[in-house]
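Here's the structure, in structure tokens; my notes come after.
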Amino acid sequence: MTSLIHLSDLAGDSDLHQSLQGGAVSIGNFDGVHLGHRALLERVRWHAQRVGGKAIAIVMDPHPASVLRPHGAPPSLTSLSRRAELMSGSGIDHLLVCEATRDFLNQTAEEFFQRLIVEQLSAKAIIEGPNFFFGRDRAGNTTRLKELAAERQIDVEIVVPSVRDERMVSSSRIREAIASGDIVLANQMLGSRYRLTGVVTTGEQRGRTLGFPTANLGGVTTLLPEHGVYAALACGDECDGPSNHPAAVHIGPNPTFNERQETKIEAHLLDYDGDLYGKSLSLTLVSQVRGVIKFADASALKQQLQIDLQTVRETVSSLQSRP
């Protein structure tokens, strides 16, 4: 399992600091830990085994753009803990988090390299993609990286990006797919299913009066897909409760009852009758079922919900029956 470590933790733990010395590292955002990231991370693992050290992925948190351009930061696809979870499949030992303060981001490329890669980690190998930039104003690129590494006899590998439909797989492309409701394409590029995680809160209980009780999910910090109804799998607190349970998820306003354009996340777990209030719930999205519709009345809505639930049941059944 990939451990989540903050750079500030190293100052007070000499054993931990020592354990991170002399390994293979890669610096990036790794949001989504998509197929391109995984190909790169597998090379980090390979180099770590070659040099006899740890495989370390390095991220900055919060996203540098949120510090330098607060209104221009992209919405996240994954939390740090989710990134660590996904990195485990690629054999990464540690996800090292650097606090993205203005002082930290103001380091020149040379200062950044010397302080983090050389002094803190004594890295023996660095693995990056071709679009890697580092240091103040993104002044450092892969050419400068190779120069700095060569001076200190550190190996560098630049990994060829993964491509799908003749376009590079990237976090920004995945955000585009999710924002348009194309969860199938997003999941293909991610190599895993896109997940929304939050805490179940009390809603208006209208779903229960219609015969379709829903769990209202609050506190979601990652990117929401286009408004619509989605087929999903639900999992509770560390799967203590519903585990990979089929769910119909409505994201967006409820125009049949409420003209306000308030976005809500409401999940109806099929054939489930447990108490989820106050508990963490994760929804892994499979595909979009339909868009948000304003119905003439509650009766018309109930008829459509029956159709939606059958679609979700068939979608998830087909998914679970695959070898």
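Scan the stretch 171-205 residue by residue and report those that are assigned to a strand (DSSP E or B) and in contact with a Lys or Arg (Cβ under 6 Å, 6 or more places away or on another chain). I'd like the intermediate steps shown before the answer.
Residues of the stretch 171-205 that are assigned to a strand (DSSP E or B), as a first pass: 195-201.
Scanning the stretch 171-205 gives a single hit, VAL200.
Please work out if SER26 is buried (at least 17 other Cβ atoms within 10 Å of the Cβ), in contact with an Asp or Glu (Cβ under 8 Å, 6 or more places away or on another chain) and under 19 Å from ARG195 (Cβ atoms).
On the way: buried (at least 17 other Cβ atoms within 10 Å of the Cβ): yes; in contact with an Asp or Glu (Cβ under 8 Å, 6 or more places away or on another chain): yes; under 19 Å from ARG195 (Cβ atoms): no.
Considered against the rule, which asks whether it is buried (at least 17 other Cβ atoms within 10 Å of the Cβ), in contact with an Asp or Glu (Cβ under 8 Å, 6 or more places away or on another chain) and under 19 Å from ARG195 (Cβ atoms), SER26 comes out as no.
Looking at (1) under 23 Å from GLN21 (Cβ atoms); (2) part of a loop (DSSP other than H, G, I, E, B); (3) open to solvent by 10 Å² or more (accessible area, probe 1.4 Å); (4) of a type outside the set (Asp, Glu), which is the only condition SER76 fails?
Checking SER76 against (1) under 23 Å from GLN21 (Cβ atoms); (2) part of a loop (DSSP other than H, G, I, E, B); (3) open to solvent by 10 Å² or more (accessible area, probe 1.4 Å); (4) of a type outside the set (Asp, Glu), the one that fails is (1).
Return the residue satisfying two criteria in turn: it lies in the stretch 120-142 and is in a strand (DSSP E or B) and not aromatic (Phe, Trp, Tyr), and of such residues it is surrounded by the fewest Cβ atoms within 10 Å (Cβ to Cβ). Before the answer, list the steps.
In the first step, residues of the stretch 120-142 are kept if they are in a strand (DSSP E or B); the result is 125-128, 134, 140.
With the extra rule that they be not aromatic (Phe, Trp, Tyr), the set shrinks to 125-128, 140.
Numbers: ALA125: 23, ILE126: 26, ILE127: 26, GLU128: 23, GLY140: 21.
Only one residue fits best here, namely GLY140.
Which one of these is closer than 20 Å to SER76 by Cα and either open to solvent by 10 Å² or more (accessible area, probe 1.4 Å) or in a strand (DSSP E or B) (or both): GLY32, GLY36, GLY53? Spell out how you get there, then give the answer.
Values: GLY32 fails: either open to solvent by 10 Å² or more (accessible area, probe 1.4 Å) or in a strand (DSSP E or B) (or both); GLY53 fails: closer than 20 Å to SER76 by Cα.
Testing whether each residue is closer than 20 Å to SER76 by Cα and either open to solvent by 10 Å² or more (accessible area, probe 1.4 Å) or in a strand (DSSP E or B) (or both) leaves just GLY36.
Can you pull out every residue in the stretch 237-252 that is within 19 Å of the chain's Cα centre (by Cα), at pLDDT below 75 and buried (at least 19 other Cβ atoms within 10 Å of the Cβ)?
none
Answer yes or no: is there a residue in the stretch 253-265 that is at pLDDT 95 or above and either surrounded by 14 or more Cβ atoms within 10 Å (Cβ to Cβ) or out of contact with any Asp or Glu (no Cβ under 9 Å at 6 or more places or on another chain) (or both). It would help to see each step written out before you state the result.
Step one: filter the stretch 253-265 for residues at pLDDT 95 or above, giving 265.
Those left that are additionally either surrounded by 14 or more Cβ atoms within 10 Å (Cβ to Cβ) or out of contact with any Asp or Glu (no Cβ under 9 Å at 6 or more places or on another chain) (or both): 265.
Scanning the stretch 253-265, I find at least one residue that is at pLDDT 95 or above and either surrounded by 14 or more Cβ atoms within 10 Å (Cβ to Cβ) or out of contact with any Asp or Glu (no Cβ under 9 Å at 6 or more places or on another chain) (or both), so the answer is yes.
Restricting to the stretch 143-163, name every residue that is over 17 Å from GLU119 (Cα atoms), polar (S, T, N, Q) and surrounded by fewer than 16 Cβ atoms within 10 Å (Cβ to Cβ).
Result: THR143, single match.
Would you call LEU35 within 25 Å of the chain's Cα centre (by Cα), touching a residue at least 40 places away in the same chain (Cβ under 8 Å) and over 20 Å from ARG175 (Cβ atoms)?
No.
Could you figure out which of (1) buried (at least 16 other Cβ atoms within 10 Å of the Cβ); (2) within 20 Å of ARG50 (Cβ to Cβ); (3) in contact with a helix residue (DSSP H, G or I) (Cβ under 6 Å, 6 or more places away or on another chain) isn't true of ILE117?
With (1) buried (at least 16 other Cβ atoms within 10 Å of the Cβ); (2) within 20 Å of ARG50 (Cβ to Cβ); (3) in contact with a helix residue (DSSP H, G or I) (Cβ under 6 Å, 6 or more places away or on another chain) applied to ILE117, the lone miss is (3).
Does ALA123 qualify as being touching a residue at least 60 places away in the same chain (Cβ under 8 Å), assigned by the TED database to the domain that holds LEU7 and either within 21 Å of ARG50 (Cβ to Cβ) or of a type in the set (A, V, I, L, M, F, W, C) (or both)? Break it down stepwise before answering.
Numbers: touching a residue at least 60 places away in the same chain (Cβ under 8 Å): yes; assigned by the TED database to the domain that holds LEU7: yes; either within 21 Å of ARG50 (Cβ to Cβ) or of a type in the set (A, V, I, L, M, F, W, C) (or both): yes.
Yes.
The values are calculated or read from the model by the stated rules, or taken from the named source; none is laboratory data. What you see is a predicted model; the values in this text were computed from it and never measured. With ideal geometry, Cβ positions are generated from the backbone for all residues, glycine too; neighbour counts draw on all protein chains shown. The accessibility values were calculated without ligands, DNA or RNA, using every heavy atom of the protein model including side chains. Shrake-Rupley method; radii C 1.70, N 1.55, O 1.52, S 1.80 Å.
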